[in-house]
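Enquirer: This is the structure, below, for whatever I ask next.
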Amino acid sequence: MTELIMIKYGELTTKKDNRKEFIKILTQNIERLIKEEYEIIKDNSRMYIKCKNVNKISKKLQKIFGIHGISIVHKVNNNYEEVLNNALNIMDKSKKTFKVITKRADKNFEISSMEYSKKIGGLILKNSNYKVDVHNPDIILNIEIRKEGTYIYTDELKGIGGYPVGVQGKGLLMLSGGIDSPVAGYLTMKRGVNIECLYFESPPHTSEEAKNKVKELASILNEYSGKVKLHVVPFTKIQEAIYKNCPDNYMITIMRRMMYRISEKYAKKIKAKIIINGESIGQVASQTLESMVCINEVTNMPIIRPVATYDKLEIIDIAKKINTYETSILPYEDCCTIFVPKHPVIKPELEKAKEYEKKFDYEKLINECISNIETITDFKENKFEDLL
């Protein structure tokens, strides 16, 4: 009998031509986790990991996108006696009822799945005090019959699904210290996009605590990827120029237009295909449809807004699930909140925005910002494996 971790791919099974590439990238992402000696065996429907600490590694795998289910399985030879003995060993003795579900991946195996379940179920009844309950059992004994052996297990940890990070290329996340943008980053990674983060800081108007807060958020997102980088933009001069030259009600509109210009230039520099942000329709003045049209005008790069149609409570639920919420609500202001006017325009006019921008040399300031970006790759001086 051999104890292994079995991984079910889930959504990857819907891919035909690209499945091998997806499984290859998933394997690479998993290998980033495992420090000890291990062996990975994989095919188009399952992956098996042979390692010493199966319980520890199984829990870590719950933060890897592209995995639908994780089970600790026992591999035995394809005969009744070994299946029965190992089944009785792994079944929880405190439970009273059970059900057997057999999947016969090896179609040349002489007994059908239904007949095999009945046979093993009958042997368990004869050799234990368990009773059968096919509708609401305390234990489900899963049996998978394959050419190389039979795999048996009772429990399955739920994976987070999606596609492996990296199969869709790279995106640049406009990461603030708020609740929404980390959730947007998480949801984008779930679709297989590797993200790097861009944070706009305005010292002395924003504090070191605000920057550390964003570093913590990037660190949490990195637990789901291991590839996250945080690029910090020195935004002070641009923000002060906007404050001095633009009407109060247009300050946020102009500021967001500048952020998009910087994001596009830097996205191209790091070869990202998309820009991602946490905008939610109508949530604030800069996120009305009219504002989005006016702000979006400065770039032709695709803008992905994963939480655009979510309400705040839905976003908060996800933030709590992925462990970013408590950090996001820490009371340190970022550059999007320090100069917020009392009455920002909710239906900005594009021509007015362009006219106000002519009052200062923003191209020069943008190029200066980009040339002085600070990149952070190590969070808390920990690597991906240690964070998990």
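Enquirer: What dipole magnitude, in Debye to the nearest 20, does the chain give about its Cα centre under +1 on Lys/Arg Cβ and -1 on Asp/Glu Cβ? Write out the running numbers ahead of the final one.
Expert: Values: 62 positive and 52 negative charges, 228 e Å.
Value, rounded to 20: 1100 debye.
Enquirer: Still on this structure: How big is the antiparallel share of DSSP beta bridges in the chain, given as a percent to the nearest 5? All intermediate terms of the calculation are to be shown ahead of the outcome.
Expert: Details: 31 of 56 bridges.
About 55 percent, rounded to the nearest 5.
Enquirer: Provide the net charge surrounding Lys268, with neighbours chosen by a C-beta distance below 14 Å and charges set as Lys +1, Arg +1, Asp -1, Glu -1.
Expert: Working: positive: Lys170, Arg261, Lys265, Lys269, Lys271, Lys273; negative: Glu196, Glu264.
Surrounding charge for Lys268 is +4.
Enquirer: Taking the Cβ of Ile7 as the centre, find all other residues whose Cβ is under 9 Å away and add up their charges (Lys, Arg: +1; Asp, Glu: -1). Don't skip to the end; give the middle numbers.
Expert: Numbers: positive: Lys8, Lys42, Arg46; negative: none.
Result for the local shell: +3.
Enquirer: To test your reading of the geometry: what angle, between 0 and 90 degrees and rounded to tens, separates the Cα axis of helix 312-322 from the longest principal axis of the chain?
Expert: Rounded to the nearest ten degrees, it is 50.
Enquirer: Straight distance only, please: which aspartates and glutamates reach the Cα of Lys118 with their own Cα at less than 19 Å, same-chain residues fewer than 8 apart left out?
Expert: In chain and number order, the partners are Glu81, Glu82, Asp106, Glu110, Asp133, Asp138, Glu144.
Enquirer: Additional query: What are the lysines whose alpha-carbon lies under 17 Å from the alpha-carbon of Lys312, with same-chain residues fewer than 8 places away excluded?
Expert: Output for Lys312: Lys320, Lys321.
Enquirer: Quickly estimate the mean residue ellipticity at 222 nm for the chain, helices only: each DSSP H run with n ≥ 4 gives -39500 (n - 2.57), and the total goes over all residues, rounded to 500.
Expert: Numbers: 14 runs with 145 residues, N = 388.
Computed ellipticity for the chain at 222 nm equals -11000 deg cm²/dmol.
Enquirer: For the Cα atoms of the chain, what angle does the longest principal axis make with the long axis of helix 208-222, in degrees from 0 to 90, nearest 10?
Expert: Value to nearest ten degrees: 30.
Enquirer: Still on this structure, I have one more. What are the aspartates and glutamates whose alpha-carbon lies under 16 Å from the alpha-carbon of Lys227, with same-chain residues fewer than 8 places away excluded?
Expert: Those aspartates and glutamates meeting the cut-off are Glu31, Glu196, Glu216, Asp378, Glu381, Glu385, Asp386.
Enquirer: About its Cα centre, how strong a charge dipole does the stretch 57-215 have in debye, to the nearest 20, once Lys and Arg get +1 and Asp and Glu get -1 at the Cβ?
Expert: Values: 24 positive and 17 negative charges, 55 e Å.
Dipole size: approximately 260 debye.
Enquirer: Computed from these coordinates, which is Cα extents along the principal axes in Å: (1) 71, 59, 39; (2) 86, 38, 38; (3) 60, 48, 42?
Expert: The calculated read-out lines up with (2).
Enquirer: Using Cα atoms only, what is the angle between the long axis of helix 251-269 and the major principal axis of the chain, expressed in degrees (0 to 90) to the nearest 10?
Expert: Rounded to the nearest ten degrees, it is 60.
Enquirer: Can I ask one more? Hey, which of these cross-link pairs are over 28 Å Cα-Cα: Lys35/Lys273; Lys244/Lys364; Lys269/Lys354? Before the final figure, lay out each step's value.
Expert: Working: Lys35/Lys273 32 Å; Lys244/Lys364 17 Å; Lys269/Lys354 25 Å.
Check vs 28 Å cut-off fails for Lys35/Lys273.
Read-outs: derived from the displayed coordinates by stated rules, not from any lab. What you see is a predicted model; the values in this text were computed from it and never measured. Ideal geometry is used to build each Cβ from the backbone, glycine not excepted, and the neighbour counts take in all protein chains shown.
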